[in-house]
Amino acid sequence: QVQLVESGGGLVQAGGSLRLACVASGRTFSTYAMGWFRQGPGKEREFVARINWSGSSTYYTDSVKGRFTISTDSAKTTLYLQMNSLKPEDTAVYYCATTNYPSIRATEYDYWGQGTQVTVSS
């Protein structure tokens with residue numbers, strides 16, 4: 001079992017920044033990687049970014065490349081998503097999740113956090 005708890009969401013103006021955190025506990029050593037997904041109003045859940053636990057491999061969806069950075073802490077218990085130059089279209093509930101595969105498919109992620117709301121005003 002893996003438990004995930006996100007934090008750091010909020011309301012920010014366009015062009016601003018937020019840093020999301022996801023604290024992981026339980027059998028995290030048994031997972032390959034962690035990722036961030038988001039689900040905007042009336043939209044399907046979409047992949048945002050992924051990092052393997054060693055930090056040697058990251059992957060981003062095109063719409064956030066150059067603006068978002070995914071990372072983990074040295075103890076490998078916390079996942080971060082630094083979001084800069086935020087746009088109104090980034091408004092969504094953001095979720096962290098674990099996977100045993102280098103995947104961008106939500107169906108291949110098994111444990112999920114409860115989500116944190118990010119709202120970007122224009």
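The values are calculated or read from the model by the stated rules, or taken from the named source; none is laboratory data. Treat the numbers as computed from the prediction; the structure is a model and nothing was measured. Cβ placement follows ideal geometry from the backbone for every residue including glycine, while neighbour counts extend to all protein chains displayed. What goes into the accessible areas is simple: the full protein's heavy atoms, side chains included, and nothing from ligands, DNA or RNA. Shrake-Rupley method; radii C 1.70, N 1.55, O 1.52, S 1.80 Å.
Within segment 94-122, the residues that satisfy the criterion of being under 18 Å from THR58 (Cα atoms) and surrounded by fewer than 18 Cβ atoms within 10 Å (Cβ to Cβ) are ASN100, TYR101, PRO102, SER103, ARG105, ALA106, GLU108.
Within segment 53-93, track down each residue that is open to solvent by less than 60 Å² (accessible area, probe 1.4 Å), assigned to a loop (DSSP other than H, G, I, E, B) and without any contact (Cβ under 8 Å) to a residue 40 or more places away in the chain. Within segment 53-93, TRP53, GLY55, ARG67, ASP73 qualify.
Of all residues in segment 1-52, those that are among the acidic types (Asp, Glu) and either buried (at least 16 other Cβ atoms within 10 Å of the Cβ) or in a loop (DSSP other than H, G, I, E, B) (or both) total 2. Among the residues of segment 26-39, are any over 20 Å from GLU108 (Cβ atoms) and not aliphatic (A, V, I, L, M)? For segment 26-39, residues over 20 Å from GLU108 (Cβ atoms) and not aliphatic (A, V, I, L, M): absent. If you go through segment 10-55 and keep only what is closer than 12 Å to ASP90 by Cβ and of a type in the set (Asp, Glu), you end up with just GLU46.
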